[in-house]
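K.L.:
Dropping a structure here in structure tokens format, bear with me for questions.
The values are calculated or read from the model by the stated rules, or taken from the named source; none is laboratory data. Here the structure is a predicted model, which means the values were calculated and not measured. When we count neighbours, we look across all protein chains shown, and the Cβ atoms used for this are built from the backbone with ideal geometry, even at glycine. Quick note on the areas: whole protein, heavy atoms, side chains included, nothing else; ligands and nucleic acids left out. Shrake-Rupley method; radii C 1.70, N 1.55, O 1.52, S 1.80 Å.
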Amino acid sequence: MNICFFEPTASVLGLSTYAAHNILEPLGIEMLAAFVEQHGFDASVVQQRCNSREDALGAIARTAPQVLAITTLTYNIDDALWFAREAKAQIPGLAVVLGGYHATAAPEIILQPEVDYVVVGEGEIPLLALLTSLQRGEGATGIPGVAVKRDGAVCLSGRAQTVESLDALPLARRYREILNECRMHGLMYPPPSQQRAVATVAASRGCPHACAFCSSALIWRGTVRTRSPRAVADELVQLHDAYGVNAVFFSDLTFNASKRHTMTLCEEIASRNLPVHFYAM
């Protein structure tokens, strides 16, 4: 079974990139792609970036997927539904799965006719269960973390387990052409003109807080899980050696949630003596 993971861009105040000033790789779906590949599925990753809807739709179609998995934020949900609708019209038998922050916050998006399944919360375990069920020709009802339609209503059998050990996950399914185009602006060093390739890396998942303005608790439930500093530093070495990365954005929601872990990680990175700079929130 072939799965295409897709990140739509949308336009925010006329902008044509993922955010106002940064162009980042789609780490979440790249990690999901690597995870399902590890379990025997074929996976590809398509990022819309500055491409038109039509060009992005063509890139999806060229992967010849049986499943289209779209990551959603609230500002790109209309675009996600457009791609779901048009892709199903072009690719016979295509199943559309939505995941991410918006789908988790509003699983009733499953009631849209172009949406077949919604993955709620952390994606690896429920998505793998869903794909395995589809490959066997079985239904998806009763899979924790997967919402389906039943008699015009949302049917969700609770939340799925989270991944116990982040170090056990495979490294993200990366693409040289994506990394080469990524750039970090603002306070990042080196400046964009000197960035050869920019990677996004997650040293942890989650945040210990539940701020009213933030949706992170919907996915991570106020918990924090960390990767070992050695595993993170090993990934930086691999990114530098294999892809020429010289700048990294840590996507951690609160990079310094644990002072001890942060200091140990920085010491481990420094010990590798890599010409790689990083930015973190």
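K.L.:
Which one of 101, 75 is under 30 Å from residue 165 (Cα atoms), of a type in the set (Phe, Trp, Tyr) and open to solvent by 40 Å² or more (accessible area, probe 1.4 Å)?
P.N.:
On inspection, the qualifying residue turns out to be 101.
K.L.:
Just to be sure before I move on: is residue 191 over 25 Å from residue 104 (Cβ atoms) and surrounded by 14 or more Cβ atoms within 10 Å (Cβ to Cβ) in the structure I sent?
P.N.:
No: the conditions fail for residue 191.
Per-residue answers, yes or no, for (1) in contact with a helix residue (DSSP H, G or I) (Cβ under 7 Å, 6 or more places away or on another chain); (2) modelled with pLDDT of 95 or more; (3) assigned to a helix (DSSP H, G or I):
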position: 179; (1), (2), (3): yes, yes, yes
position: 186; (1), (2), (3): no, no, no
position: 200; (1), (2), (3): yes, yes, no
position: 210; (1), (2), (3): yes, no, no
position: 234; (1), (2), (3): no, yes, yes
position: 238; (1), (2), (3): no, yes, yes
position: 242; (1), (2), (3): no, yes, yes
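K.L.:
Starting from residues that are within 14 Å of residue 206 (Cβ to Cβ) and not in a loop (DSSP other than H, G, I, E, B), keep the ones in the stretch 245-275 and report whichever is least open to solvent (accessible area, probe 1.4 Å).
P.N.:
Taking the candidates together, the pick is 250.
K.L.:
Any idea which residue in the stretch 82-98 is nearest to residue 131 (Cα to Cα), counting only those that are open to solvent by less than 60 Å² (accessible area, probe 1.4 Å) and small (Gly, Ala, Ser)?
P.N.:
Filtering the stretch 82-98 for residues that are open to solvent by less than 60 Å² (accessible area, probe 1.4 Å) and small (Gly, Ala, Ser), the one nearest to residue 131 (Cα to Cα) comes out as 95.
K.L.:
Within the stretch 250-271, work out how many residues are within 13 Å of residue 236 (Cβ to Cβ) and either modelled with pLDDT under 95 or in contact with a strand residue (DSSP E or B) (Cβ under 7 Å, 6 or more places away or on another chain) (or both).
P.N.:
1
K.L.:
Something else: From the residues in the stretch 223-242 that are open to solvent by less than 50 Å² (accessible area, probe 1.4 Å) and not aliphatic (A, V, I, L, M), which one is farthest from residue 190 (Cα to Cα)?
P.N.:
Looking at residues that are open to solvent by less than 50 Å² (accessible area, probe 1.4 Å) and not aliphatic (A, V, I, L, M), I get 225.
K.L.:
Checking residue 51 against (1) open to solvent by less than 50 Å² (accessible area, probe 1.4 Å); (2) among the polar types (S, T, N, Q); (3) not in a helix (DSSP H, G or I), which single condition isn't satisfied?
P.N.:
Among (1) open to solvent by less than 50 Å² (accessible area, probe 1.4 Å); (2) among the polar types (S, T, N, Q); (3) not in a helix (DSSP H, G or I), the lone unmet condition for residue 51 is (1).
K.L.:
Further question on the same structure: Sort through 138, 164, 124 and tell me the only one that's under 30 Å from residue 244 (Cα atoms) and either in contact with a Phe, Trp or Tyr (Cβ under 6 Å, 6 or more places away or on another chain) or surrounded by fewer than 16 Cβ atoms within 10 Å (Cβ to Cβ) (or both).
P.N.:
On inspection, the qualifying residue turns out to be 124.
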